[in-house]
Structure formats: structure tokens, C-alpha cells
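Presented below is the structure to which this report refers.
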Amino acid sequence: MSVLYTPTSLEKGLKTLFLQHFSTEAALAPRIAHIESSDSDSEKYDWLGQSPTMQQFLDERRTIPLSNTSYSIENLTWEATITVSRNDLADNRTGSIQRRIQQMAATAAGHQNKLIINQLIDGTSATLGLCYDGTAMFGNSHPARGDEGGVSDNLLSGTGTTVAAVSADLATAKATMLNFANESSEPFFGDGVGSLAVVCSPSLEKVFRETLNAGMISNTSNVQVGMADLIVSPRLSDVDDWYLLNTGSARSLILQDREPLEFSALEGNSDSGFMRDQWVYGVRARYNVGVGFWQAGVKTVN
């Protein structure tokens, strides 16, 4: 006996199914990016750049204006949509429809992760990876601003992919980050970089797990145990390259959130349902990813 699915009951059921399989447990944004709310089509980030330092109070306060940077992130609209034949519903083919909804939920949940990793990959591009100082996010010649003292380099050459080489390069990357100065000629991270994360490909996972967890490396006590969290992404195209990111108050990425994900449907007597016997289900959201503080990230290239 066939089952009659009314539009209302079907939409509610598929929405519930979508939400059940929409998991943000593996979301990267809370771990490595600033999450900024947006109420416009784009946002300008004046807080990237100059920040005041403590100074002696003399005759009056000396104010520091917002940075003269003009870094903006435009919100983009994202969607995923499927169509379902009314005949398939009438013929009880809901199992395949449910699986497609589950797949759509998984894809939607991972999309922000995709944008975040892509921004790291594009970080050496002078167009796609442009940051607030007018150069690529990862580069050898970040220009001096204010009293920074000289050009800075956060694109390093690695010495290899063995545990010993990666351990040495990790120490170099951290030291490089510690030596960055702000526009007041003070250490950018003050007296310490705080929490860190390494982002690498699956090809380097074993090496980094050993580097960050082994008690001994090359017959020497490993002082880097627990130094950084490890994020492994199969999206990284250059499998021997890796990133060291600050995950404290200063971060190298920004997730700009404009409109949250919504699930909607066109069923029954909608134009699609009436004219083509096709019911349509889709999700929609508005957000984008951009570059924050370049000082909060170091890329090592092998």
C-alpha cells in the first residue's frame, strides 16, 4: 500500500533529518579564526594594524586613531538544492531522498571548513590571499608600518619532513612568530604567543603527532610536547607544506557570519510542484572567510 506524504509533513520531516545530520563538531572556525558578526553586505576591519601601547600620562592623553588600513570582506551567498520527483515520493523511494538530505547536511556543515583551508592555501597569492598591509598573507616582505622596524617574513623554507627536521622547523616557526613587532615597536604577542595550532596534510600527520607527543626525538628530550594542537586536512594540496597558527586573541583568519543556515522547501502547489511535479529542497546561508593578522600565521614550505 502506498503512503501519501503531505507537503507539510514531508518538509518538517526532511528538515528534522537535515538538522540531525548537520554537525558542527569538527568546525575549524572556533579553533583558528575570529568569528565576526555582520549586518551589512560587507564589513571593513579597521582594527587590523595599529594598536596603542601603554605610555606615561603627562599633560594629556595621546590618542591613537584607527588604522588607515582598508581591509574589507564581502559577504557571499551560498546554497545547495535538490529536486525530488513527486512520483518517487508516491512510489516510496524516501530512503534515497533521505540519504541525499544527509549528504547535503554533511556538505553544508563542512563548507566553512573548506573556505578556511582554501584561504590558507591561497595565502601566498597577491590577489586571493591579500591582507591588510597590501601583500599576500604569507610572504617574505611584509612592509614595515609605523615603528615595526623593517620588512617581515612569515613564509619560511623547511628543512625536510622527517621528525627531526619538522621539530627543528617548528621551533623556527614559533621563534619567527615571537619576533614579530607591532607598529609601536613592541613584541606583537607581548611576552608569549599563547595557544598554537599546526595545520598539515594527512601525509604529515604521523610526523607531527610524534613531534608534538613523543618524549624523545633523536635521543634528546622533546621540549615541544603539547606545544600546539594538530589539525589534519586532506584539502591541503601541497602535502609537505604546513602552517603554524596562533589561536589566541590574535588570529590569522576571519569568518564573517551574515545569515545563518536555513532549510526551506517548495512543495505541493508551488510553481515547481504544480508545473513540473518536482518538489525542491534547499539550504541557504551568507558568510565569507578572509585574512586577519598575518603575524598570527607562519607557513613552512618543503
Margin query: Could you report the accessible area of Thr83 in Å², rounded to 10, computed with a 1.4 Å probe on the protein chains as they sit in the structure?
Written below: 70
Checklist line | Residues of the stretch 113-195: accessible area per residue with a 1.4 Å probe, Å² | finding: 43
Check: In the full protein assembly as shown, how much of Leu14 is accessible to a 1.4 Å probe, in Å² to the nearest 10?
Finding: 10
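Just reorder Ser152, Ser141 by solvent-accessible area, largest first, 1.4 Å probe, all chains present. Don't skip to the end; give the middle numbers.
On the way: Ser152 25, Ser141 75 Å².
From most exposed to least exposed: Ser141, Ser152.
Could you sort Ser23, Ser249 by their accessible area in this structure, using a 1.4 Å probe and putting the largest first?
Ranked from most to least accessible, the order is Ser249, Ser23.
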Checklist line | FRET E, pair Leu19, Ala171, Förster distance 51 Å, beta-carbon r, rounded to 0.05 | finding: 0.70
Checklist line | Rounded accessible area per residue of the stretch 220-261, 1.4 Å, Å² | finding: 43
Next item on the list: Would you mind classifying the stretch 145-185 by shape? Square roots of the alpha carbon gyration tensor eigenvalues, ordered a ≥ b ≥ c; an a/c under 1.5 is rounded, otherwise it is prolate if a/b is larger than b/c and oblate if not.
Entry: prolate
Next item on the list: Any chance you could look up the accessible area of Leu17 with a 1.4 Å probe, heavy atoms only, rounded to 10 Å²?
Entry: 20
Notebook entry, point to check: So how do Asp241, Asp46, Asp191 rank on accessible area, 1.4 Å probe, biggest first, that is with the largest at the start?
Noted result: Asp191, Asp46, Asp241
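The values are calculated or read from the model by the stated rules, or taken from the named source; none is laboratory data. Predicted model only: the values in this text are computed from it and were never measured. For neighbour counting, all protein chains shown are included, and Cβ atoms are generated from backbone atoms with ideal geometry for every residue, glycine included. For accessibility, only protein heavy atoms count, side chains too; no ligands or nucleic acids. Shrake-Rupley method; radii C 1.70, N 1.55, O 1.52, S 1.80 Å.
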